[in-house]
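The values are calculated or read from the model by the stated rules, or taken from the named source; none is laboratory data. These numbers were taken from a predicted model, which means no experiment stands behind them. Heads up, the Cβs are rebuilt from the backbone with ideal geometry, glycines too, and the neighbour counts pull from every protein chain shown.
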Amino acid sequence: MDASVFDLKDIDIQWCPGCGDFKILQSLKKSLAELDLAPEDTVIVSGIGQAGKTPHFMRSHFFNGLHGRSLSNGTAIKVSNPALNVVVIGGDGDMYGEGGNQLLHTIRRNPDITNLVFNNMIYGLTKGQASPTTSQGMKTTLQVEGVINEPVNPIAIAIAQNASFVARAFAGDVDETAEIIKKAVSHKGYALVDIFQPCVSFNKVNTYQWFSDNTWYVDESHDPRDREAAFRLALKNDSFPLGVLYRSEDKKTFEEWSPLYEKDDRPLFQRRPDPDKLAALVGSYR
Amino acid sequence: MEKAGTVISKDLSVVVCGAAGQGIKTVVEFLVKALKASGYHVYASREYMSRVRGGNNSTEIRIGAQKVMAFVDRIDVLIVLSPGIRANVMKRISPETLVIGEIEVLEKELSDKDAELVDLSFVKEAKDAGGKVYANAVAAGVIFGILDIEKNILEEMFDSFFFSKGKETVQKNLEAMEKGFSRGREIAQKVLADKDLEPSSDLKGTIALDGSDAVSMGALAGGCNFIASYPMSPATGVLTYLASHAREFDIVAEQIEDEIAAINCAVGASYAGARSMVTTSGGGFALMSEGLSLAGVMETPVVVHLAQRPGPATGMATRTEQADLNLALYSGHGEFPRILLAPATIEDGFYLMKKAFNLADKFQVPVILLTDQYFLNTFYDVHEFDVRKDENEYFIVEAGSEYRRYEDTESGISPRSVPGYGKGIVGSDSHEHDAWGHAQEDFELRERMVQKRLRKQKEITKELVTPVFDGKEAFKNLVLSWGSTYPVIREGLDLLNDPDTSHLHLRQLCPLDEDLPKYLEKAENVICIEGNATGQLCSLVRQKTGYNIKKRILNYRGLQFSAEEICERLGSVTEKGGDK
């Protein structure tokens with residue numbers, strides 16, 4: 001499939017020129033096309049922030065909800081119609097700040113969805129405040145003496161919680177990122193891809209050059225099934241490994257646990273209550 | 001909707017009080033079933049403390065030859081299973097009350113009461129039968145003994161009720177029950193002296209259940225197939241019920257991490273075509289405000305069961321109140337249409353919940369069903385629900401290739417499709433959006449979209465749930481009320497027996513009934529009865545109709561009104577005393 005099927009015509013993309021999000025969008029379209037997943041097969045679910053605007057810049061089903069809650073939306077969409085390919089997109093503020101509790105419990109619930117986090121380590125849409133992943137010491141418009149809070153380590157959290165798939169990518173590498181997204185989408189279960197993304201307007205520390213200098217791809221010597229090794233990689237804070245860092249043992253997904261799909265794969269919108277069963281239930285109160 | 005009885009029945013009112021963990025809840029369910037099977041109308045209502053063990057809870061059981069649906073203060077027989085009778089029960093003990101319990105306890109606690117005391121150590125009798133856990137069965141036995149219930153009915157019932165717990169449990173329960181039964185026979189004549197308790201023959205085609213189960217079954221009947229919620233008293237019962245029937249009825253039922261996730265799951269599921277709901281109480285619903293607003297702008301159907309308990313904040317977790325009307329009316333930022341329903345009876349709980357799903361789907365709006373702890377934890381017998389009455393309506397359409405989710409239409413209702421149904425793209429957005437659902441900052445579009453959403457209000461008013469009106473059309477006094485108070489007020493009015501006073505009970509609070517002003521204008525006096533401290537319905541009526549209701553009967557202590565209280569307080573308001 002050609003990636004252009006995901007193009008929306010005549011739109012004004014609201015991201016800043018040079019934003020890393022353009023490249024992630026390119027990687028996303030490329031990966032879906034290469035997996036032969038059409039716009040009609042896919043729901044892009046997003047929250048609020050620059051990353052959350054993604055579904056308005058490509059053609060596919062979409063649900064652009066509230067700040068921090070798109071994992072809840074995405075989980076419910078998937079379990080209501082498991083045939084849909086659900087990709088949940090948000091930024092570091094959306095997923096690791098506002099939506100922290102939803103992230104933690106979505107990992108536990110393990111729906112078969114892909115979670116792309118455009119992690120630029122800064123708040124873009126609200127103009128330059130610290131995000132949960134901003135480095136300690138970085139001065140911002142709000143943290144004028146520098147960030148004091150320990151940054152969130154999403155990779156370590158996800159591995160600690162035994163997430164079924166954990167990867168990290170860098171927006172600057174379109175092809176490599178597309179390959180990682182393909183693996184995440186193909187993976188059965190919750191798949192987190194934290195994508196380093198330069199913010200050209202507000203983050204003057206973590207630039208394209210900085211990410212290039214401070215990241216490296218894991219090779220075949222790393223076994224993603226080795227949780228301890230993955231955790232060691234997750235804790236590295238001098239240079240950051242990219243690629244598929246962790247895969248849990250095969251786990252049943254939220255949808256697979258749900259008894260209603262055991263014998264019947266129809267989505268919820270095609271189902272109707274059975275009046276005979278209901279009458280019998282009512283009758284049990286005689 | 002079935003109306004509450006208009007005959008004052010000479011029923012028997014038994015109150016059982018004891019500590020949490022003594023199995024009172026179990027025995028009540030058993031009593032209701034067995035008494036109904038013996039031809040009695042039954043009512044039971046629980047009030048309980050927010051604790052797992054200990055404390056002191058009470059259950060009122062009314063047994064009647066005619067239908068009984070309301071809470072009364074009168075206690076004919078008080079069964080005391082453990083020490084520590086609380087003030088709310090204590091003050092209802094009258095010289096006519098027969099109190100049964102361990103005599104040392106009764107003499108100590110009731111030293112200033114001239115009620116008649118009967119010595120019966122439930123715990124000792126239970127231990128003789130095999131363990132103190134059977135104290136509740138002894139208590140049930142006393143009630144069965146008073147009414148001389150046929151033993152074979154009880155044996156059959158015990159067998160089916162406790163079957164899963166094994167033969168020994170059934171046997172020991174039966175033994176304990178028989179010990180109580182013989183004591184019940186001894187006091188029967190005295191207790192029943194002024195009662196008219198001939199078993200009724202009109203119980204065919206009835207069922208007995210509490211409000212929580214009725215609302216839950218209403219959801220099943222309405223085609224609910226998705227619920228995500230966080231446990232919170234008194235709303236949890238609905239989640240538990242749907243979860244326990246998930247396999248049988250094709251439901252996704254998930255205990256979710258918080259209420260914010262709950263409503264966002266419900267909206268997400270609905271976007272994908274599920275009939276979704278959440279069940280919660282005030283504090284949880286407060287967390288859902290933003291999600292409710294999301295459903296509003298996305299025009300995504302969602303049903304909220306809002307089970308009220310006293311606030312603010314944690315308030316009184318296991319108690320009752322009607323103080324979240326304002327919250328339900330105004331929660332969610334921005335402007336969007338909504339529907340608010342409040343069932344008046346258990347039967348109404350079933351049919352209105354079913355209707356809630358159909359209204360939500362039809363108008364693509366959030367529908368809130370307001371109940372409360374009293375309603376959910378109260379049992380009585382009702383006509384068996386007709387599951388085929390008012391067939392469900394489904395509105396989801398296939399998306400053509402040019403499909404636009406927010407097509408502007410005359411009614412404001414856009415044909416709704418879901419992703420994966422047809423060739424079209426289905427987009428939904430929390431921002432103001434164009435017909436495709438894409439975010440736009442176009443001021444003219446904004447006005448059109450606001451108008452489109454608000455136009456649905458007009459359609460909604462074409463299908464309002466009518467209020468219940470009782471009494472003469474030519475009235476001097478009009479009692480206005482809403483929600484769970486209906487049967488209590490009805491019985492209070494029967495006690496008052498004032499032909500000049502009629503009663504209008506609202507079952508839909510938003511939008512309000514369009515005929516409401518006609519009723520209000522006809523009355524010399526309007527008296528609003530509400531379970532809150534500020535008269536929230538009065539404020540709503542004034543806001544919507546301009547009519548200022550000056551007389552209010554309010555209750556915010558955490559317990560339901562009693563029928564006697566309604567009679568007495570109405571009597572002083574309408575200047576005609578009740579017969580109490």
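Among the residues of the stretch B:479-490, those identified as under 20 Å from B:Q66 (Cα atoms) and touching a Ser or Thr at 6+ places or on another chain (Cβ under 9 Å) are B:Y486, B:P487, B:V488, B:I489, B:R490.
Filtered by the rule that a residue be farther than 16 Å from A:A184 by Cα, within 9 Å of chain B (Cβ to nearest Cβ) and touching a Gly at 6+ places or on another chain (Cβ under 7 Å), the stretch A:76-96 gives A:A76, A:I77, A:S80, A:N81, A:A83. Might you let me know whether the stretch B:384-401 holds any residue that is under 38 Å from the mean Cα position of the chain (by Cα), facing chain A (nearest Cβ under 10 Å) and among the small types (G, A, S)? No, there is no match, as no residue in the stretch B:384-401 is under 38 Å from the mean Cα position of the chain (by Cα), facing chain A (nearest Cβ under 10 Å) and among the small types (G, A, S). Taking helices (runs of 4 or more DSSP H) as the structural unit, those lying wholly within the stretch B:462-580 and holding at least 1 residues that are free of Cβ contacts under 8 Å to residues at least 60 places away in the same chain correspond to B:516-522, B:536-545, B:563-574.
Looking at B:T318, B:T314, B:T279, just one residue is farther than 21 Å from B:L341 by Cα, out of contact with any Asp or Glu (no Cβ under 9 Å at 6 or more places or on another chain), at pLDDT 95 or above and away from chain A (no Cβ under 14 Å), and that residue is B:T314. Within the set A:R286, A:R232, the sole residue that is assigned to a helix (DSSP H, G or I) and of a type in the set (K, R) turns out to be A:R232. Whenever a residue of the stretch A:90-119 is among the acidic types (D, E), it has no partner that is surrounded by fewer than 23 Cβ atoms within 10 Å (Cβ to Cβ) and part of a strand (DSSP E or B) lying with C-beta atoms less than 8 angstrom away and at least six residues away or across chains.
Residues that are out of contact with any Gly (no Cβ under 9 Å at 6 or more places or on another chain) and either at pLDDT below 95 or within 15 Å of B:L506 (Cβ to Cβ) (or both) within the stretch B:538-571 comprise B:C538, B:S539, B:L540, B:V541, B:R542, B:Q543, B:K544, B:T545, B:Y547, B:K550, listed in sequence order. For the stretch B:217-246, filtering for residues that are within 7 Å of chain A (Cβ to nearest Cβ) and closer than 17 Å to A:V282 by Cα leaves 5. The residues of the stretch B:321-338 that are out of contact with any Asp or Glu (no Cβ under 9 Å at 6 or more places or on another chain) and either among the β-branched types (V, I, T) or outside any loop (DSSP other than H, G, I, E, B) (or both), listed by number, are B:N326, B:L327, B:A328, B:L329, B:Y330.
Residues checked against (1) part of a helix (DSSP H, G or I); (2) facing chain B (nearest Cβ under 10 Å):
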| position | (1), (2) |
| --- | --- |
| A:V5 | yes, no |
| A:D10 | no, no |
| A:C16 | no, no |
| A:K23 | yes, no |
| A:E40 | yes, yes |
| A:I48 | no, yes |
| A:G52 | yes, yes |
| A:H56 | yes, yes |
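I'm trying to understand the selection: among the residues of the stretch A:259-286, which are hydrophobic (A, V, I, L, M, F, W, C), at the interface with another protein chain (Cβ under 7 Å from one of its Cβ atoms) and either farther than 27 Å from A:A83 by Cα or touching a strand residue (DSSP E or B) at 6+ places or on another chain (Cβ under 6 Å) (or both)? A:F269, A:L278, A:A279, A:L281, A:V282, listed by residue number. Note on the stretch B:295-311: among residues that are outside any strand (DSSP E or B) and touching a strand residue (DSSP E or B) at 6+ places or on another chain (Cβ under 9 Å), the one that is farthest from the other protein chains (Cβ to nearest Cβ) is B:R309. Would you point out the residue of the stretch A:235-283, among those that are of a type in the set (V, I, T) and not in a helix (DSSP H, G or I), that is farthest from the chain's Cα centre (by Cα)? By that ranking, first place goes to A:T253. Of all the residues in the stretch B:225-250, those that are assigned to a helix (DSSP H, G or I) and touching a residue at least 60 places away in the same chain (Cβ under 8 Å) number 2.
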